[in-house]
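*Asks:* Have a look at this one before I ask anything.
The values are calculated or read from the model by the stated rules, or taken from the named source; none is laboratory data. What you see is a predicted model; the values in this text were computed from it and never measured. Here the Cβ positions follow ideal geometry from the backbone for every residue, glycine too, while neighbour counts run over all protein chains shown. The accessibility values were calculated without ligands, DNA or RNA, using every heavy atom of the protein model including side chains. Shrake-Rupley method; radii C 1.70, N 1.55, O 1.52, S 1.80 Å.
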Amino acid sequence: MDILIKSGNIITASETYTADILIEGEKISAIGKGLQTNANTKIIDAEGMNVLPGGVDVHTHFDLPMFGTVSSDDHYTGHKAAAYGGTTTVIDFIPQDEHELLKNVETWHKKVAEKAAIDYSFHMNITTFDDQIAHEIPNLKREGINSLKVFTAYNDRLRLTDGEIYQVLRIAKDNGMLVMVHAENGDVIELLVKEALAKGNTSPEWHAYTRPASGASESVNRVISLAEQTGAPLYIVHMNTKGGVDHVRNARLSGLPIMGETCPQYLFFTAEDLKKEDGAKWICSPPMRLKADNEGMWKAVSDGTMQVIATDHCPFFYDGTKPINYEGKEIAIPGKELGKEDFTKIPNGLPAVGDRLLILWSFGVGSGRITPNKFVQLTSTDPAKIFGLYPKKGTILPGSDADITIWDPEKEINYGVAYSQHRTDYNLFEGWNLKGVVDKVFLRGKLIVDGSVWSGKRGMGKFIFRNDIVVV
């Protein structure tokens with residue numbers, strides 16, 4: 001059945017205008033005023049509503065093993081939460097569990113396909129490197145994967161040496177791929193953690209104190225230097241320090257193809273939150289910083305230094321000994337209580353994939369920090385362009401997938417765990433008053449969220465084969 005979304009206030013990264021959108025099958029077929037329909041066309045009156053492209057979250061972790069447990073959202077529950085929050089495409093990370101890269105890709109496809117409820121793609125972690133891996137990396141492009149993630153932290157687990165990162169950058173440049181980097185100083189972190197534990201400093205705030213902002217800033221500068229030497233584009237994930245974004249700003253002003261991403265948690269929270277009685281809820285890596293860093297991130301978002309706001313979604317139960325009800329069944333998964341006596345054993349990660357757009361609309365657009373068009377650019381269009389999804393995803397154009405969100409700009413809600421759909425027992429934005437919420441969500445022309453009604457299904461999400469990266 002064809003669908004006509006009529007008289008909506010269409011907001012893209014570059015325009016705002018009132019028009020109709022005709023959906024035929026999975027695609028947008030026409031946009032204009034007074035579009036003609038047939039008797040079988042379903043008409044949705046969007047007058048007074050905002051109509052935006054579905055969100056694209058390029059940094060998510062579902063069903064991720066950590067510290068003897070697993071992140072509480074899998075590729076169904078996390079996708080469902082994303083959809084309720086207006087996101088219709090996510091990119092997850094494939095761990096390098098086996099030495100042969102394509103075996104890891106095959107494993108992840110099997111893991112995800114039967115659960116996926118929205119469209120998805122993958123990045124490939126490169127956490128060990130040798131001649132075989134160097135030879136295999138270009139093969140990933142034939143699998144529709146054009147992005148690699150490396151780490152300067154997590155010594156003896158995930159970290160590559162600077163020389164290895166340099167080689168990955170060269171391979172990526174030669175093959176039109178993009179290197180993403182988690183930039184913290186792993187050596188400093190290991191030393192400070194050891195010293196903190198020796199002194200009996202085991203409470204959650206020490207997670208932040210042992211991962212200093214200066215070390216993250218230094219690491220950002222170091223990987224920018226490696227990228228400059230190789231001529232490769234670079235994308236720095238989950239940035240959270242004013243010093244780090246200053247390095248990115250300077251690099252971009254110098255004409256280097258450097259891009260940055262931040263996340264909602266680094267715009268709103270600080271290390272002080274880790275001192276709360278339930279401070280473990282805010283444990284993630286890299287950690288929360290200072291108010292000055294929050295403001296530095298907002299400036300970077302508004303002035304174009306940051307190209308993407310993603311989430312680094314990786315939720316755990318706050319108290320995994322107590323079950324919650326999810327889709328009519330009780331479920332409990334060991335979570336942050338595992339580290340109640342030792343911050344190094346608290347699983348690192350937060351729920352956010354369903355919160356991102358709602359929170360940024362109310363407190364980014366609503367406060368005047370960003371325009372509605374900038375909102376779409378940061379959360380949908382530029383992520384889609386950078387990672388080779390555009391114009392299939394990330395925009396409202398004839399020929400694009402009909403991934404569309406209809407927003408009620410006047411509706412106000414009191415937000416929190418009872419409203420969000422994450423499969424966990426808490427929400428960082430509990431009790432926040434929001435204005436402007438998602439009313440309907442379409443995935444390739446299929447209405448999957450209608451108010452509180454969920455019509456999505458396991459397995460309906462499709463893997464998206466990505467094209468060449470774009471530096472924005």
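*Asks:* Answer yes or no: is there a residue in region 250-268 that is open to solvent by 10 Å² or more (accessible area, probe 1.4 Å), without any contact (Cβ under 8 Å) to a residue 40 or more places away in the chain, among the hydrophobic types (A, V, I, L, M, F, W, C) and assigned to a loop (DSSP other than H, G, I, E, B).
*Replies:* Scanning region 250-268, I find at least one residue that is open to solvent by 10 Å² or more (accessible area, probe 1.4 Å), without any contact (Cβ under 8 Å) to a residue 40 or more places away in the chain, among the hydrophobic types (A, V, I, L, M, F, W, C) and assigned to a loop (DSSP other than H, G, I, E, B), so the answer is yes.
*Asks:* Return the only residue of Thr210, Thr202, Thr152 being more than 28 Å from Asn467 (Cβ to Cβ) and surrounded by fewer than 19 Cβ atoms within 10 Å (Cβ to Cβ).
*Replies:* Answer to the selection: Thr202.
*Asks:* List pairs: first residue in region 377-391 and without any contact (Cβ under 8 Å) to a residue 60 or more places away in the chain and farther than 22 Å from Ala232 by Cα, second residue crowded, with 24+ Cβ neighbours inside 10 Å and among the small types (Gly, Ala, Ser) anywhere in the structure, Cβ distance under 8 angstrom, at least six positions apart or on different chains.
*Replies:* These pairs meet every condition: Pro391/Ala384.
*Asks:* While we're here: Can you find, within region 106-123, the residue that is farthest from Ala402 (Cα to Cα) among those that are open to solvent by less than 10 Å² (accessible area, probe 1.4 Å) and either assigned to a strand (DSSP E or B) or out of contact with any helix residue (DSSP H, G or I) (no Cβ under 8 Å at 6 or more places or on another chain) (or both)?
*Replies:* Top of the filtered list is His123.
*Asks:* Given the conditions (1) of a type outside the set (D, E, K, R); (2) over 30 Å from Lys411 (Cα atoms); (3) open to solvent by less than 10 Å² (accessible area, probe 1.4 Å), and given that His79 satisfies all but one, which numbered condition is not satisfied?
*Replies:* For His79, the failing item is (2).
*Asks:* Kindly indicate whether any position in region 5-22 is in contact with a helix residue (DSSP H, G or I) (Cβ under 9 Å, 6 or more places away or on another chain), open to solvent by less than 20 Å² (accessible area, probe 1.4 Å) and either under 27 Å from Lys374 (Cβ atoms) or assigned to a strand (DSSP E or B) (or both).
*Replies:* For region 5-22, residues in contact with a helix residue (DSSP H, G or I) (Cβ under 9 Å, 6 or more places away or on another chain), open to solvent by less than 20 Å² (accessible area, probe 1.4 Å) and either under 27 Å from Lys374 (Cβ atoms) or assigned to a strand (DSSP E or B) (or both): present.
*Asks:* Search region 295-324 for residues being free of Cβ contacts under 8 Å to residues at least 60 places away in the same chain and within 22 Å of Gly349 (Cβ to Cβ), and hand back the single one that is nearest to the chain's Cα centre (by Cα).
*Replies:* Met297
*Asks:* Tell me, which strands (runs of 3 or more DSSP E) lie completely within region 387-472 with 3 or more residues that are open to solvent by 10 Å² or more (accessible area, probe 1.4 Å) and touching a strand residue (DSSP E or B) at 6+ places or on another chain (Cβ under 8 Å)?
*Replies:* The qualifying strands (runs of 3 or more DSSP E) are 404-414, 433-443.
*Asks:* Cβ-Cβ under 7 Å, sequence separation 6+ or interchain: first residue in region 340-368 and closer than 22 Å to Ala300 by Cα and of a type in the set (S, T, N, Q), partner at pLDDT below 95 and assigned to a loop (DSSP other than H, G, I, E, B). Which pairs?
*Replies:* Nothing qualifies.
*Asks:* Sticking with this one: In this structure, does Asp92 turn out to be under 29 Å from Val51 (Cβ atoms), among the acidic types (Asp, Glu) and either at pLDDT 95 or above or assigned to a helix (DSSP H, G or I) (or both)?
*Replies:* Answer is yes for this residue.
*Asks:* In addition: Got a sec? Which of Asp57, Asp63 is under 26 Å from Val353 (Cα atoms), surrounded by 22 or more Cβ atoms within 10 Å (Cβ to Cβ) and touching a residue at least 24 places away in the same chain (Cβ under 8 Å)?
*Replies:* Result: Asp57 is the single residue among Asp57, Asp63 that is under 26 Å from Val353 (Cα atoms), surrounded by 22 or more Cβ atoms within 10 Å (Cβ to Cβ) and touching a residue at least 24 places away in the same chain (Cβ under 8 Å).
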